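For reference, the structure discussed in these notes is given below.
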Amino acid sequence: MEIIIKDTYDEMCRSAAKIVAKTLNCKPDAVLGLATGSTPLALYKELVRLHQEDGLDFSQVTTFNLDEYVGLRRDNPQSYHYFMHENLFKHVNIPRQNIHIPSGTTDNYEAFCRWYEEQIVQCGGIDLQILGIGSDGHIAFNEPTSSLGSRTRIKTLARQTIEDNARFFDKPEDVPIYAITMGVGTILEANKILLLAAGKNKAQAVAAAIEGPITSMITASALQLHREVICFLDREAASQLKLVDYYDWIESQRPGAPSQAPAPHFSKLRQLRSEVR
Ligand code: F6R
């Protein structure tokens, strides 16, 4: 894991946006995995700015969102469909048909979840996955004790998550209890992952995920198994990490670091594997 600590939330999001932009510049038809919530807001704002001012092109991009609340229609202002439209999609040129967000209102969740997984595979897998982290250590809505091999499915939200997310709703009772979410196994198949975390209330989960044991009690800890994760943290979110000095030292030495060969591309590997079969 690469740990990049920035002094401010905005700085952290601008750095993460550079990685997204670099991905799109190298692979204009990249498949992006997207998160909602407060954390990626400034990242999306920066991507919108890069699109509007620097011409960052999304015309061939495909997106898959991590999750959606069960029972919320796409036009509900608290739905993740609505969030994505307002904060990113309506400002950039991603073709509508390339946008995938789990349905919170399907008649058949099991079939929908299977279809969602199949769509990811058919699009060649996720090139770059953006993640936030819950205060209970979840990624997407993979709450504590979720299988680290899990796929897209319905999850019951933990009380902690319902409490945390109540800030977006008029009343805490309005927060849905169920969500449809990509699994930890689904997320781990992304070629590259950016985990973003900001604020003191994430510090404990961040420390457990990065420096603790791999455990389904903190599903973000499964990211330790992935070969290419970059964690972008602000100082507060990094405040409980034991090795902060080391992470800062690595960053300060980066300009002189020997260059490394890029990891093999996941979709390329999948293609090669199917050719061998
Ligand atoms: C949202 C998602 C969640 C959030 C997490 C943090 O799509 O997958 O895992 O990333 O709950 O939420 P915020 O950023 O609101 O603190």
Would you be able to tell me the number of residues in the stretch 97-122 that are crowded, with 17+ Cβ neighbours inside 10 Å, in a helix (DSSP H, G or I) and β-branched (Val, Ile, Thr)?
1
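Based on what the data block shows, is GLN204 out of contact with any helix residue (DSSP H, G or I) (no Cβ under 7 Å at 6 or more places or on another chain), surrounded by 17 or more Cβ atoms within 10 Å (Cβ to Cβ) and closer than 24 Å to THR161 by Cα?
yes
Can you tell me which residues in the stretch 213-229 are surrounded by fewer than 17 Cβ atoms within 10 Å (Cβ to Cβ) and out of contact with any Lys or Arg (no Cβ under 7 Å at 6 or more places or on another chain)?
Once the filter is applied, which keeps residues that are surrounded by fewer than 17 Cβ atoms within 10 Å (Cβ to Cβ) and out of contact with any Lys or Arg (no Cβ under 7 Å at 6 or more places or on another chain), the stretch 213-229 yields PRO213, ILE214, THR215, MET217, GLN224, LEU225, ARG227.
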Hey, any hits in the stretch 130-152 for a residue that's out of contact with any helix residue (DSSP H, G or I) (no Cβ under 9 Å at 6 or more places or on another chain) and either open to solvent by 10 Å² or more (accessible area, probe 1.4 Å) or in contact (Cβ under 8 Å) with a residue 60 or more places away in the chain (or both)?
no
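Can you say whether ILE133 is under 14 Å from the mean Cα position of the chain (by Cα), of a type outside the set (Gly, Ala, Ser) and part of a loop (DSSP other than H, G, I, E, B), as far as the supplied structure shows?
yes
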Filtered residues of the stretch 35-66 (kept if of a type in the set (A, V, I, L, M, F, W, C) and under 18 Å from ILE101 (Cα atoms)):
ALA35, LEU41, PHE58, VAL61, PHE64, LEU66
So which of GLY199, GLY124, GLY149 is more than 16 Å from the ligand (Cβ to nearest atom) and at positive phi?
GLY124
Selected residue [modelled with pLDDT of 95 or more, over 16 Å from the mean Cα position of the chain (by Cα) and of a type in the set (Val, Ile, Thr)] from VAL20, VAL31, VAL48
VAL48
Cβ contacts < 6 Å: first residue at pLDDT 95 or above, restricted to the stretch 70-84; second residue open to solvent by 50 Å² or more (accessible area, probe 1.4 Å) and not in a loop (DSSP other than H, G, I, E, B), any location; separation 6+ or different chain. Result?
VAL70/TYR178; GLN78/PHE168
Is it fair to say ARG14 is open to solvent by 10 Å² or more (accessible area, probe 1.4 Å), in contact with a helix residue (DSSP H, G or I) (Cβ under 8 Å, 6 or more places away or on another chain), modelled with pLDDT of 95 or more and away from the ligand (no atom under 16 Å from the Cβ)?
yes
Scanning the stretch 166-177 for residues that are within 14 Å of the ligand (Cβ to nearest atom) and in contact with a strand residue (DSSP E or B) (Cβ under 9 Å, 6 or more places away or on another chain) gives VAL175, PRO176
Enumerate the strands (runs of 3 or more DSSP E) found wholly within the stretch 30-92, keeping only those where 1 or more residues are farther than 23 Å from ALA166 by Cα and more than 13 Å from the ligand (Cβ to nearest atom).
31-34, 62-65
Is there a residue being out of contact with any Cys (no Cβ under 9 Å at 6 or more places or on another chain) and within 22 Å of ALA238 (Cβ to Cβ) anywhere in the stretch 39-55?
no
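The values are calculated or read from the model by the stated rules, or taken from the named source; none is laboratory data. Quick caveat, the model's predicted, so the values are computed rather than measured. No Cβ is skipped: glycine too gets one built from the backbone with ideal geometry, and neighbour counts run over all protein chains shown. Surface areas here come from the heavy atoms of the whole protein model, side chains and all, with no ligands, DNA or RNA. Shrake-Rupley method; radii C 1.70, N 1.55, O 1.52, S 1.80 Å.
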